[in-house]
Structure formats: C-alpha cells, structure tokens
Amino acid sequence: MLSFFKRKEKPDTDLKNDGRENAISAGEITGDAAASSEEEVTTALSLHPSITVPKEQMYVLQFLNNELPALKRNQLSLSGIEWTKQSTGLAVSAFVRNTVEKEISLEDVSLLLLNEKNELKARHTFQLNELGALPADSSRPWTFVFPSASVNEQVALGKENWLIAFDLMSRKHKLDLDPKWEESLPTSEKEKLEELVEKLGAPQKDELNFTGLNARFLEDGNLNISLLIRNGYERNVNIEKLPLKLIDAARDTVAEGQFNVGNLEVRANTTKPWTFIFPASLIKKEKPDLSKWSVHVTQI
C-alpha cells in the first residue's frame, strides 16, 4: 500500500523524516546467512513497479531518502516518514531499505509501532510480499496500516521520534545452519535437526544454551562433539572464544579446553549446530561413559 502525506509546503530545511531508524541483519528476516560487514551503504529510492507518484511527491520522497543515514552491508531497515490516524487505524509511512547485494523478497512479518519512550503502541503482521522484490541497495517507500484492533489507545504517540520496527521475538524459534552445513548435510539430516529444534522449543529469554547432539572418539584419539547453540536473545550473539568442559555420565570431567572460533554468529531466536574437536592432549579421562554427557561453558 502506498499513500504519502508529506507535501512540499515548507522549505527544504523543515522537511524531514519524523520516525527513527530500525536496522537489523537481513538474515534475521530472510533466513539467509550473510557475512557481517562494516562497509557503509547508501540506498537509492525505488518505487514499486505498479506505482506512479506526482512530480512534486517524487521530489519529497527523493529529498527524504537522501536525508537517511548510511547503513551497513547486509542489513534491512525501516525508517519512519510520518503517521496519521485514519478510520481504519494508524497509517504509518516508512522507507523499507535493503543493503543485501541482491534482490530480496519478504514474507509475512510482524511489525511494532513504538513511541518515543519505546512503549508499544501497536503490533500487527503484514504481508510484505506486497512490497514486491526489493532491489539491492534500495529504499522503497510504503504505507503500513495498523488496524484499530491492534492499537493500544492507552499509549500516547507523538509525531516525532517514534519507531516502526521488526518484531523479532514473535518469530518461531528456528534452525540456523551455517552455509557450509547447508551445502554438506543431506536433506534428511536437515529435517531431523529441524524436528529436534522444534521439539526442544525456545530457550529462556536472554539465555544462551548449549545442548549436546553427539560425541565420539576419532581414530587419532581426538574427541569430536556436536552441539546445538541455542540463542534466546533478541539480538545476534557473536562468539570468538569458547571454553568448554565435557562431563560424562559419572559426572567426571572428560575433556576441557578453549576453542577459538573466530566470529561465530548465532542469530537472534535461532539454534545453530556446531562441531568442536578436543585434541587427545586435552582428554582427562580414558574410557569415559558417554551414554549421557553434557558440556559446560567455563567462561564466555
């Protein structure tokens, strides 16, 4: 839906976007893994192919888009333009910005409308496929109507410094496979992992949980373990060093050591499987009972 309210009735110096910016990693919405980057990206104005706007309105949109701050590579962002009250609810116009280096399409996504104090004014699920395909490095203006039933009339909403944002915690906790795992795992194994993640459910809010998958000794004496790293935070978690201790069924320490994993990212509200190998030199118990085992993070 496209319906803009701003008009060039004031000098350019008074023309501005009224809302704040909400930028997230694109993968949190699309599910596609993408490397994080510090590269700064500007976004070009992109209208839906079926929409035309008057020349004056195009000037306003171009001006407002040019005022937006640069984003980091591989982000999705909502940048609020203006909101107005209608008979059907609150109509909120915003730029939907994409800095992934390819065209992307979105599906059903829950969005939040917050006031300047970050109090929840409205929440609603929108069919974002109506936006059409978003070109790489683009900024598409759109209007989202929060139905009256979704609006909290007890929360005041000022005309400035409000925020339209992606509701990441409303999403179902899901499996997040590293691209290398995605390529190498058979479909049947992926399905088993998805079923296990669904069975386990989400970890506690603001909890990073490590659940054992399997453990086996290799021919060279090294110990190979696979874990599910379960992220209950509303943000991505990046792990560089991970000190682990493996405990067997007798509650004895089998192995202990620190793993330098570089920059292992576990996205918000997802579970990522990962494999760690304890060298034989770090094994503390011969012939452990691995019929039941657990891992502990000694520090992080």
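The values are calculated or read from the model by the stated rules, or taken from the named source; none is laboratory data. Since this is a predicted model, take the numbers as computed values, not measurements. Using ideal geometry, Cβ is built from the backbone for each residue, glycine included, and neighbour counts are taken over all protein chains shown.
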Between a first residue in the stretch 137-151 that is among the acidic types (Asp, Glu) and a second residue that is surrounded by fewer than 21 Cβ atoms within 10 Å (Cβ to Cβ), which pairs have beta carbons less than 8 Å apart while being 6 or more apart in sequence or on different chains? Asp137/Val41; Asp137/Thr42; Asp137/Ala44; Asp137/Glu101
Here is a list: Trp142, Trp83. Which entry is touching a Lys or Arg at 6+ places or on another chain (Cβ under 8 Å), at pLDDT 95 or above, closer than 27 Å to Arg235 by Cβ and of a type in the set (Phe, Trp, Tyr)? Trp83
Any chance Pro288 is more than 25 Å from the chain's Cα centre (by Cα) and farther than 16 Å from Leu218 by Cα: no
Output for the stretch 201-245, where each listed residue is modelled with pLDDT under 90, surrounded by 13 or more Cβ atoms within 10 Å (Cβ to Cβ) and not in a loop (DSSP other than H, G, I, E, B): Val237
Reported set for the stretch 246-271 where residues are within 28 Å of Ser25 (Cα to Cα), buried (at least 19 other Cβ atoms within 10 Å of the Cβ) and β-branched (Val, Ile, Thr) is Val266, Thr270, Thr271
Failed criterion for Asn161 (all others in (1) assigned to a strand (DSSP E or B); (2) at positive phi; (3) assigned by TED's automatic domain parsing to the domain that holds Ser93 hold): (1)
Looking across the stretch 79-122 at residues that are more than 20 Å from Leu168 (Cβ to Cβ) and of a type in the set (Ser, Thr, Tyr), the single one that is surrounded by the most Cβ atoms within 10 Å (Cβ to Cβ) is Ser93
Out of the stretch 62-87, which residues are of a type outside the set (D, E, K, R) and more than 20 Å from Lys121 (Cβ to Cβ)? Gln62, Phe63, Leu64, Asn65, Asn66, Leu68, Pro69, Ala70, Leu71, Asn74, Gln75, Leu76
Here are some residues: Leu78, Leu68. Which one is in a loop (DSSP other than H, G, I, E, B), in contact with a strand residue (DSSP E or B) (Cβ under 9 Å, 6 or more places away or on another chain) and at pLDDT 95 or above? Leu68
Of all residues in the stretch 63-78, which are out of contact with any Asp or Glu (no Cβ under 7 Å at 6 or more places or on another chain) and either within 18 Å of Glu160 (Cα to Cα) or surrounded by 13 or more Cβ atoms within 10 Å (Cβ to Cβ) (or both)? Leu64, Asn65, Glu67, Leu68, Leu71, Asn74, Gln75, Leu76, Leu78
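Let's see how each residue does on (1) part of a strand (DSSP E or B); (2) more than 20 Å from Asp178 (Cβ to Cβ); (3) of a type in the set (Asp, Glu):
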residue	(1), (2), (3)
Ala249	no, yes, no
Ala255	yes, yes, no
Ala268	no, no, no
Ile277	yes, no, no
Asp289	no, yes, yes
Selection from the stretch 273-296 of residues out of contact with any Ser or Thr (no Cβ under 9 Å at 6 or more places or on another chain) and aliphatic (A, V, I, L, M) yields Ile277, Ala280, Leu282, Ile283, Leu290
Leu15 vs (1) of a type outside the set (Val, Ile, Thr); (2) under 18 Å from the mean Cα position of the chain (by Cα); (3) at pLDDT below 90: all pass except (2)
Among the numbered criteria (1) of a type in the set (D, E, K, R); (2) assigned to a strand (DSSP E or B); (3) without any contact (Cβ under 8 Å) to a residue 24 or more places away in the chain, which one does Lys117 miss? (2)
Boolean, Val197 is of a type in the set (Val, Ile, Thr), in the same structural domain as Asn22 (by TED's automatic domain parsing), surrounded by 12 or more Cβ atoms within 10 Å (Cβ to Cβ) and touching a residue at least 60 places away in the same chain (Cβ under 8 Å): no
